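Visitor: Below is a structure I'd like to ask you about.
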Amino acid sequence: MKSIIRLILCLIATLSVGQSAIAESLYEKSYRERCREYVGLYSHQGDSVWLYGVFRQLARQAAGIPFEKNGLQDVIATIKSNHDCNDFTLNGVLRMLYLDSKGTVLPAAFRTQARERILDFKYWWDDARRDTTYRCYHTENHQALYHTAELLAGQLYKNEIFTDGMTGVRHMEHASGLIAPWLDNRLRFGFSEWLSTYYDVEALLLANLVDFAEDETIREKARGVLDLLMLDLALHNHHGYLAGASGRTYASSLLSGVHVTSPMVRLVFGEGVYDGRQNTGAVALATSGYRCPQVIADIATDYDRLAYVRQRTSLDVEDAPAYGIDFDNERHCHLFWGMQEFIHPLCVATSKRISEAYDTWPYRNYDEYIAIYEREKAEKGYAVDRDRFALSEGNITTLRCADYQLSTVNDFRKGHQGYQQHPWMASLGNGAVVYTNHPGGKNLRNSPNYWAGNEILPKAVQHRDVTVCIYRIPENHPTSMTHAYFPVSAMDSVVQRGNWTFGCRGNGYVAVYSASPSELVADFRGELCDLKAPGRENVWICQVGNAGKWNSFVNFVEQIAKSPVEVAAGSGKVRYHAPGTGLIETSWNEPLKVDGSEIATRTGYRYDTPYGSAPHGADSLTLEFKGNSVVLPLR
């Protein structure tokens, strides 16, 4: 009888766990398996030299595979070089040391050399030692990489005297005062480098803080920011590829069909591919105790839903006082530098003061800009921000389903000089991505270049399945054309009708219109993908669809090809009778309208998703999906 009662109680306890707990346990099992799989792969396939070589050795440490002697020496040499981005490498080394806390895995000689490099490292620009090579301290990712490294180094060698004369404890205090506001700003405003390739290194530093920071407040804030980074990847990936508009992107992630974050998405969400030889975030997460909330993991692969997401991230410098941020405060100016707003009229004087005090120079010619701004204010009453690097407020719209994704940052810095900003893109999956840009040079390592970034930023706006993108290139700019990336080899079928070019892959469809007659030709690499349109003023339109809505690619082509498009020369005013969506109207200076009603392109929401919404300024975001829920802090 007692055995029967015990059996019944056991069954009740099992049933009370519920489906959500069972799903979580299954997810945990598959996640651990993917972690083992990934470190095994990366330990052999990861880049073996220079900045990323340490992550190959870290993967070997996790996989229990012998280290490569030359690989460990290269890691030490990279840190010693003081080369830009060696803060990536140092964060990898610190992770190796913390994971081997008992000192039984890493060779003694390596531990000794690593200690020497850590004690000698320059962790911030207020260290009086002059840099011997250029080092980027100031971007959003680099700031936090330096602060994280300093915090973990101080913890590791609390009572040691570093080369700069500070003890490890003092370094901990110094780093905490810098990393805490960085984390607060990410919780409050999101990432300035939104949906970018730099999510890879930001995942590295956040995992390091979650796993190793001794301060519980910093540890939990880092966990909250990492959850938000995972949410961004969940909402804007298309079958494992981060196919969102982006603050910073590179040609390698656009043209290969594999984003830098793809291995991380595959690892955490089980979707996509592990391809990529230079990865930091995936290796860090595969060796981390961090676990992505189940709800976010489920959202990431919810492709059967037609999900419409609107999101506001970063902020405009002009709005800073409303949040208690002072243009003249040096520490507050770190936020602007992280946004790459070095020469904004409101903070250029503080930027100049920082550069002169600490010999760190994102710009050398501050005085020229100050003189221009003074002249403009005298003549017009205001000055125009001229920073081409700027990553100010972004209002992102993304529409996603299994067959396609369309994503746009709405009305972002139109007419300004650009850098690595990527205003819109469409994806049908497996490298079938489409977008436009005002091209730079053919060296794809520079920014902007022929396929990544924009010399002059357009006005792009999106409503549902339609994006309108308007370019106005100044007369004095040497490049008097715009073009679309339209990779024919990635499509199952391509059709051209008048000013429209159509592509199909699987059940997903994309249509691209150019007001200026375009020609589909091979680019300088010999790839048939270059939809070139001459002219300094042009209107591009993109509409996406699938077989579920249109029944067939033929019908998609026929319906859109016969839909009226009216473009007024000079004003860029466009009226597009988008079948199935409505009359889309906008111009360079006029708002977006659909069927006569104005559509706000600046969202009042930090996140507005089918899974939960939070107004901008809210304290938290609650997400619910598949019987699970999570509350994410936004402060």
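The values are calculated or read from the model by the stated rules, or taken from the named source; none is laboratory data. What you are looking at is a predicted structure, and each value in this text was computed from that prediction instead of being measured. Note that each Cβ is placed from the backbone with ideal geometry, even for glycine, and that neighbours are counted across all protein chains shown. Quick note on the areas: whole protein, heavy atoms, side chains included, nothing else; ligands and nucleic acids left out. Shrake-Rupley method; radii C 1.70, N 1.55, O 1.52, S 1.80 Å.
Visitor: Return the only residue of LEU183, LEU228, LEU204 being aliphatic (A, V, I, L, M) and in contact with a Ser or Thr (Cβ under 8 Å, 6 or more places away or on another chain). Let's see the steps before the verdict.
Guide: On the way: LEU183 fails: in contact with a Ser or Thr (Cβ under 8 Å, 6 or more places away or on another chain); LEU228 fails: in contact with a Ser or Thr (Cβ under 8 Å, 6 or more places away or on another chain).
Of the residues listed, the single one that is aliphatic (A, V, I, L, M) and in contact with a Ser or Thr (Cβ under 8 Å, 6 or more places away or on another chain) is LEU204.
Visitor: Still on this model: May I ask you to list pairs of residues, at least six apart or on different chains, whose Cβ atoms are under 9 Å apart, with the first in region 493-521 being closer than 17 Å to VAL433 by Cβ and the second being open to solvent by 50 Å² or more (accessible area, probe 1.4 Å) and acidic (Asp, Glu)?
Guide: Listed pairs, sorted by first residue: GLY503/ASP492; CYS504/ASP492; ARG505/ASP492; GLY506/ASP492.
Visitor: Now for a different question. From the residues in region 205-230 that are open to solvent by 30 Å² or more (accessible area, probe 1.4 Å) and of a type in the set (Asp, Glu), which one is nearest to ILE299 (Cα to Cα)?
Guide: GLU220
Visitor: For region 287-380, which fully contained helices (runs of 4 or more DSSP H) count at least 1 residues that are open to solvent by 40 Å² or more (accessible area, probe 1.4 Å)?
Guide: Details: elements: 294-300, 330-338, 348-358, 366-380.
Answer list for region 287-380: 330-338, 348-358, 366-380.
Visitor: Something else about it: Within region 241-263, identify whether any single residue is among the charged types (D, E, K, R), under 21 Å from PRO633 (Cβ atoms) and open to solvent by less than 30 Å² (accessible area, probe 1.4 Å), and answer yes or no.
Guide: Step one: of region 241-263, the residues among the charged types (D, E, K, R) are 248.
Narrowing further to those that are under 21 Å from PRO633 (Cβ atoms): none.
Looking for residues that are among the charged types (D, E, K, R), under 21 Å from PRO633 (Cβ atoms) and open to solvent by less than 30 Å² (accessible area, probe 1.4 Å), one finds none in region 241-263, hence no.
Visitor: I need the full set of residues from region 441-463 which are under 14 Å from PHE389 (Cβ atoms) and either modelled with pLDDT under 95 or of a type in the set (A, V, I, L, M, F, W, C) (or both), in order please.
Guide: LEU457
Visitor: Exactly one condition in (1) within 31 Å of the chain's Cα centre (by Cα); (2) buried (at least 17 other Cβ atoms within 10 Å of the Cβ); (3) in contact (Cβ under 8 Å) with a residue 24 or more places away in the chain; (4) not in a loop (DSSP other than H, G, I, E, B) is not met by ALA614; state its number.
Guide: Checking ALA614 against (1) within 31 Å of the chain's Cα centre (by Cα); (2) buried (at least 17 other Cβ atoms within 10 Å of the Cβ); (3) in contact (Cβ under 8 Å) with a residue 24 or more places away in the chain; (4) not in a loop (DSSP other than H, G, I, E, B), the one that fails is (3).
Visitor: State whether one or more residues within region 265-272 are touching a residue at least 12 places away in the same chain (Cβ under 8 Å) and among the β-branched types (Val, Ile, Thr).
Guide: Of the residues in region 265-272, the ones touching a residue at least 12 places away in the same chain (Cβ under 8 Å) are 265-272.
When the remaining residues are screened for being among the β-branched types (Val, Ile, Thr), the result is 265, 268.
Yes: region 265-272 contains one or more residues that are touching a residue at least 12 places away in the same chain (Cβ under 8 Å) and among the β-branched types (Val, Ile, Thr).
Visitor: With (1) within 18 Å of ASN86 (Cα to Cα); (2) touching a strand residue (DSSP E or B) at 6+ places or on another chain (Cβ under 6 Å) as the list, and VAL201 as the residue in question, which single condition is left unmet?
Guide: Unmet condition: (2).
Visitor: Tell me yes or no: at least one residue of region 505-514 is outside any strand (DSSP E or B) and more than 26 Å from GLY580 (Cα to Cα).
Guide: Taking region 505-514 first, the residues outside any strand (DSSP E or B) are 506-507.
Still in the list and also more than 26 Å from GLY580 (Cα to Cα): none.
No, there is no match, as no residue in region 505-514 is outside any strand (DSSP E or B) and more than 26 Å from GLY580 (Cα to Cα).
Visitor: Looking at region 516-527, is at least one residue closer than 19 Å to PRO423 by Cβ, in contact with an Asp or Glu (Cβ under 9 Å, 6 or more places away or on another chain) and surrounded by fewer than 22 Cβ atoms within 10 Å (Cβ to Cβ)? It would help to see each step written out before you state the result.
Guide: First, pick out the residues of region 516-527 that are closer than 19 Å to PRO423 by Cβ: 516, 518.
Add one more test, that the residue is in contact with an Asp or Glu (Cβ under 9 Å, 6 or more places away or on another chain), and what stays is 516.
With surrounded by fewer than 22 Cβ atoms within 10 Å (Cβ to Cβ) added as a condition, the list becomes 516.
Within region 516-527, one or more residues are closer than 19 Å to PRO423 by Cβ, in contact with an Asp or Glu (Cβ under 9 Å, 6 or more places away or on another chain) and surrounded by fewer than 22 Cβ atoms within 10 Å (Cβ to Cβ).
Visitor: Right, next: Within region 409-448, can you find the residues that are of a type in the set (Val, Ile, Thr) and touching a Gly at 6+ places or on another chain (Cβ under 9 Å)?
Guide: VAL409, VAL433, VAL434
Visitor: Residues that are among the charged types (D, E, K, R) and surrounded by 15 or more Cβ atoms within 10 Å (Cβ to Cβ), at least 1 per element: which strands (runs of 3 or more DSSP E) completely within region 528-589 meet that?
Guide: On the way: elements: 528-534, 537-546, 565-568, 573-578, 582-586.
Passing ranges, in order: 528-534, 537-546, 573-578, 582-586.
Visitor: What residue, of LEU183, LEU119, is part of a helix (DSSP H, G or I) and more than 21 Å from the chain's Cα centre (by Cα)? Talk me through it step by step, then tell me what you get.
Guide: Details: LEU183 fails: more than 21 Å from the chain's Cα centre (by Cα).
LEU119 is the lone residue from the list that is part of a helix (DSSP H, G or I) and more than 21 Å from the chain's Cα centre (by Cα).
Visitor: Now for a different question. Give me the strands (runs of 3 or more DSSP E) completely within region 381-454, filtered to those with at least 3 residues that are in contact (Cβ under 8 Å) with a residue 40 or more places away in the chain and within 17 Å of the chain's Cα centre (by Cα), ordered by residue number.
Guide: Details: elements: 394-400, 405-409, 424-427, 433-437.
Fully inside region 381-454 and qualifying: 394-400, 405-409, 424-427.
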